[in-house]
1. What residue, of A:ILE180, A:ILE189, is modelled with pLDDT of 90 or more, within 14 Å of chain B (Cβ to nearest Cβ), assigned to a helix (DSSP H, G or I) and out of contact with any Phe, Trp or Tyr (no Cβ under 6 Å at 6 or more places or on another chain)?
2. Which condition breaks for A:THR144 when tested against (1) surrounded by fewer than 22 Cβ atoms within 10 Å (Cβ to Cβ); (2) in a helix (DSSP H, G or I); (3) hydroxyl-bearing (Ser, Thr, Tyr)?
3. Could you tell me whether any residue of segment B:125-133 is within 14 Å of another protein chain (Cβ to nearest Cβ) and either over 30 Å from A:PRO42 (Cβ atoms) or not in a helix (DSSP H, G or I) (or both)?
4. Scan segment A:161-176 and give yes if some residue there is surrounded by 17 or more Cβ atoms within 10 Å (Cβ to Cβ), more than 14 Å from chain B (Cβ to nearest Cβ) and either free of Cβ contacts under 8 Å to residues at least 60 places away in the same chain or out of contact with any Phe, Trp or Tyr (no Cβ under 7 Å at 6 or more places or on another chain) (or both), otherwise no.
5. Can you pull out the residues in segment A:53-102 that are surrounded by 15 or more Cβ atoms within 10 Å (Cβ to Cβ), without any contact (Cβ under 8 Å) to a residue 60 or more places away in the chain and under 15 Å from the mean Cα position of the chain (by Cα)?
6. Which is among the basic types (Lys, Arg) and at the interface with another protein chain (Cβ under 9 Å from one of its Cβ atoms), of B:LYS37, B:LYS41?
7. Output the residue which, of all residues in segment A:142-184 that are more than 18 Å from A:ILE33 (Cα to Cα) and aromatic (Phe, Trp, Tyr), is farthest from the chain's Cα centre (by Cα).
8. Looking for something part of a loop (DSSP other than H, G, I, E, B) and of a type outside the set (A, V, I, L, M) - is there at least one such residue anywhere in segment B:3-15?
Amino acid sequence: MKQLIKIEFERAFKNKMFYISIIIGFVFMALHIYKYVIPYRPSTLLDLMTQYPEKMSTVQQPGLFMNWIDVYGREYSMVFHFILPILAALPYSMSIYLDVKKNYINNIAVRIEKKKYYMSKLITQFVVGGSVVTIPLAVSFIVTAMILPSIKPEACAGMYVLGNTSLFSYIFYFYPILFIVVLLIIDFIGFGLINCIAFVLAGIADNKFIVVLAPFILYFFDFVISSAFGKAPFSDMLTIRILRIVDLKYFIMYFILLILLSSISYFIRSRKKDIL
Amino acid sequence: MKIRKSYIIKIIILMIILIVCIGNIIFVNKKYGIEPKKTYKMNEDVTWNGYTINVKSYEILSEDEAEARYPGSKKILTNEGTSGEGSVLIVKCKLSSDKGAVSLPLGNLKAQGGTWTNGLSRDMNLLINPEFDKLKAGDNEVCLAFEFANVQFVNYNYEEIKNKKYELVVSLTPVISIALE
């Protein structure tokens, strides 16, 4: 099993589609840093503070926790989060579908148990989905930290989306580093689970593009339906700065639903006698 | 065991990147990080940009208590909170300035408690002090009102609000506040 996971990880991570997904993520991070981090670097700001001390006392100095892409929001963050299910699905989602089509699965099935093969596929699918999201975000956090000082956020600055009704506002204002860690973990798990939708569809769909696009289609479908009913969509909840306490139960339900879908698909396939 | 040359090179490159990143983060925070937040106590003179504030006392009133003290306030608290309950934080303070008879920067004052925050409520302040808009520097003793609107809370609970700790933030760069306790 360990060996199998290692092979699947190599197929997923040493793969040009993985590099393309990561590079696209880096492009969004770089655009955000160019537009919303570099102009706020403190050397420029300190001049302003010396010239206009009265005006500066009414605004909080921009810092790491104010201007980092996943806290600050704005257009690049929105587009990045919108296309994330496609970026996450690009590197690996086609592999199960192609394993069957190219008969690679026949060679595997005679050597090891089917359930081990599918489990390694599911784990890899999950980890790839999470990595495509968290690697660019973590790198952008480090780059932002190299440009802006780590200034503790103050709720009264009026520059933060997190309010009194936000689920993670307490952690954000009192332990901002912990908030970033929680945010990255939730993004990793959330997009990892969304990426597992491709695993579910790989056994049903008859077209490789549908398999790759399945997580995005579901993600977008949920966005449209939830918005139509005035509820917060899963995509909004995953940008946890806007996750509200009242949405927590729906957030957990989404997670349970995604875990259930992947587990059911895994058990059905593992028990199926015919691998084709 | 023989270690491959490429691994050693990769590790060295990673170490260099790590050192550069950590060094840069330390440099930025040492050079540009603002001074730590200063929190003063009540009855202490707090001076910033030529203004001085001294908080004498504070109290939190429910809308019924506020109505009994300042008739007409229930309507303001209910309207501004869109619906349902509201309450008000009243901070009694002395304001002065060394800049002569200039307008006081009252709009910059914010009340904060945990993750809750609000600016001054103009309507409530006008009700408490009809001259509020014309306040000029001098030795003014004023009551400043900050509203708790029920929409700012998941479950509005007056008793919980009353028992929380609050502070009056007078400046954000650098952060200067007065603990209300």
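1. Working: A:ILE189 fails: within 14 Å of chain B (Cβ to nearest Cβ).
A:ILE180 is the lone residue from the list that is modelled with pLDDT of 90 or more, within 14 Å of chain B (Cβ to nearest Cβ), assigned to a helix (DSSP H, G or I) and out of contact with any Phe, Trp or Tyr (no Cβ under 6 Å at 6 or more places or on another chain).
2. (1)
3. Taking segment B:125-133 and keeping what is within 14 Å of another protein chain (Cβ to nearest Cβ), we get none.
No: segment B:125-133 contains no residue that is within 14 Å of another protein chain (Cβ to nearest Cβ) and either over 30 Å from A:PRO42 (Cβ atoms) or not in a helix (DSSP H, G or I) (or both).
4. no
5. Hits for segment A:53-102 are A:TYR76, A:PHE80.
6. On the way: B:LYS41 fails: at the interface with another protein chain (Cβ under 9 Å from one of its Cβ atoms).
The match here is B:LYS37.
7. Restricting attention to segment A:142-184, the residues satisfying the condition of being more than 18 Å from A:ILE33 (Cα to Cα) are A:152-158, A:161-179, A:181-184.
From the residues that got through so far, the ones that are aromatic (Phe, Trp, Tyr) too are A:168, A:170, A:172-175, A:179.
Working: A:PHE168: 17, A:TYR170: 22, A:PHE172: 19, A:TYR173: 23, A:PHE174: 24, A:TYR175: 22, A:PHE179: 15 Å.
Ranking the candidates gives A:PHE174 first.
8. Narrowing segment B:3-15 to residues part of a loop (DSSP other than H, G, I, E, B): B:3-4.
From what is left, the residues that are of a type outside the set (A, V, I, L, M) are B:4.
Looking for residues that are part of a loop (DSSP other than H, G, I, E, B) and of a type outside the set (A, V, I, L, M), one finds at least one in segment B:3-15, hence yes.
The values are calculated or read from the model by the stated rules, or taken from the named source; none is laboratory data. Keep in mind that what you see is a predicted model, and the values were worked out from it rather than measured. A quick note on method: Cβ atoms are made from the backbone with ideal geometry, for glycine too, and the neighbour counts reach across all protein chains shown.
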